[in-house]
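These notes are about the structure you will find just below.
The values are calculated or read from the model by the stated rules, or taken from the named source; none is laboratory data. Just so it is clear, the structure is predicted and the values come from calculations on it, not from any experiment. Please note: Cβ atoms are built from the backbone with ideal geometry, for glycine as well, and neighbour counts cover all protein chains shown. The accessibility values were calculated without ligands, DNA or RNA, using every heavy atom of the protein model including side chains. Shrake-Rupley method; radii C 1.70, N 1.55, O 1.52, S 1.80 Å.
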Amino acid sequence: MTTDSSSTSRTTDGISTFKGQERALRSDRLGTGGLLLSVLAATAPLMVVAGVMPTTFAVMGIVGQPLLFVVLGAVLVLFGIGYAEMSRHVHNAGAFYAYISRGLGGTAGAGAALVALVAYSALQVGIYGIFGFEVSGLFATYADLEVAWWIPALAAALVVGVLGRLKIDVNARVLGVLLVVEVALVVIFDIAAVADPGPQGLSLHAFNPDTLTGAGLGTALCFCIAAFLGFEQAPVYAEETSRPHILVPRVMFLAVGGVAVFFALSSWALTVAAGPSAIVGQAQQQSAGLLFSLTESRLGTTFTDVLHVLFVTGMFAALLSFHNVVARYAFAMGREGLLPAAFGRTTGTSGAPGTGSLLQTAVSVLVVAAFAVADDKPAGDPTAPVLHLFTWCGNIGALGVIVLMAAASLSVVVFFARRGAAGAQAWRLVTSAVAGIALLVIAGYTVKDFDVLVGAGPGSALSWALPGIIGLALVIGLAQGLVLRSSAPEAHARIGLGNEAFQLEKAAEKAP
């Protein structure tokens, strides 16, 4: 563990603590609105409606996608009950790994920390692929310019890197404006679809349980749960709110409930506009162009052009949101000795985790550059960034977060049982156990169908190599935890304690 005289101090109950404001994120930066917008931006609603939903209809042939969002929403609400209760007891920018370490121990927490860092980094980097592809398409369509996909992708990485070093409340305003406009346009489409339905009228067939049958159901679960990713990030910002024990649970339930209802209604609107019997065929024919085709026939070319632009800005909002999360995980890990100490300091007056932000910017630039170099065909492969960078990294990240949620569900049960609160928290422990089992099933389907998720053929090395990245991160993290437990038990004991150690030190300094 790296230490210096300015950043570490005496121990409290055998656990090393920090002094210096740079070891804590600035509190009172976010209220309910700012926190909710920061979290929801990661869901990229327009990207889900225009990209994930048509893909799920086309590849899996599941007409009942609206019902699937309702079912997944219920599972994630069950998960959120215990997760939210945990957030009242643990306030740490390391969220997932902090919770897991409190329940399952520091070694498990170290493993979860690296999985979280890799998973959220992959989710963010993957979006650069589809972002660059879409911006390149906008230049070709509206400016008659041929721009390689990686140029706007790299430019976005640099802009996101700059914004990531600013105050989180400034970021929240940027995210808020982009998100509100994006959601408004999707709602307008939903209303237009209901007002002008397809040949089968206002059919509720998509909510019929019979539509959730077939071999593609497990894979559809994997696709659709990825649309929810973002709500679980609320605890990451706990240190930057004034009342985390109130705001974090409130925002989580608002987010998961709002996302479930919004996506269920929007996917239903797609089935209404196309017709339940035709939605799969149209999605297979038009892919990501499905939404834009349906809006153009109802709302005109101008609205569809604006929708294309907002499709891009929505992805930018998701890029910034995930970037902020990765930076905070790196900050929490640096503060607790799982990364070099430089990552555990904030930057200047902004109070942002600047070193973590720089790390994610560097990773993004390097990965985009690697995919750009690999796209070495004479005219380039215009779909490579989408089919490879976006799908590979997106599904690696989604698998990592699903595994983390399952582990967090178990840690909730163990945490309260060890504290002798199993009786008082019985119903929360039951919901956590049920959610954990459901999430493990989804994780199993994700690994089993990974070749389908990333578009690889049966027997492709990608079907085990890509999910193996999450497994490798877990193994390396666990090994680091074991080494720390043996060589630096004080550092091992601090894993998951986070800002609590800093607060204890501040209290000790103020004591006479």
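The figures follow:
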| item | result |
| --- | --- |
| Highest average packing first - 111-119, 152-160, Cβ atoms within 10 Å | 111-119, 152-160 |
| Nearest-10 value in Å² for the accessible area of SER242, using the 1.4 Å probe | 70 |
| Amide H partners (placed H, <5 Å) of ALA352, local residues excluded | THR347 |
| Backbone HN-Hα couplings from phi across region 281-298 [Karplus 6.51/-1.76/1.60, Hz, Gly and Pro as x] | x, 5, 5, 5, 7, 10, 6, 5, x, 4, 4, 5, 5, 5, 6, 5, 6, 10 |
| Kirkwood Rh, angstrom, region 211-353 [1 / mean 1/r, Cα pairs] | 18.6 |
| Region 401-464, relative contact order in percent, only Cα pairs under 8 angstrom and at least six apart counted | 34 |
| Furthest towards positive pole of dipole, GLN124, ALA84, LEU175, structure part the chain, Cβ charges | ALA84 |
| Residue-span extension gain [ARG418 to ALA369] - 0.36 nm each, minus C-alpha spacing | 12.9 nm |
| Folded to 0 to 90 degrees: helix 106-142 orientation relative to the chain principal axis, Cα | 30 |
| Degrees between helix 168-195 axis and first principal axis of the chain (Cα, 0 to 90, nearest 10) | 30 |
| C-alpha long axis of helix 426-448 to longest principal axis of the chain, angle in ° | 60 |
| LEU482-SER297 pseudo-label distance in nm [points 7 Å out on the Cα-to-Cβ vector] | 5.9 |
| Exposure rank, largest accessible area first [VAL483, VAL373, VAL414; 1.4 Å] | VAL373, VAL483, VAL414 |
| Relative contact order of the chain, pairs being alpha-carbon contacts under 8 Å that are 6 or more residues apart, as % | 35 |
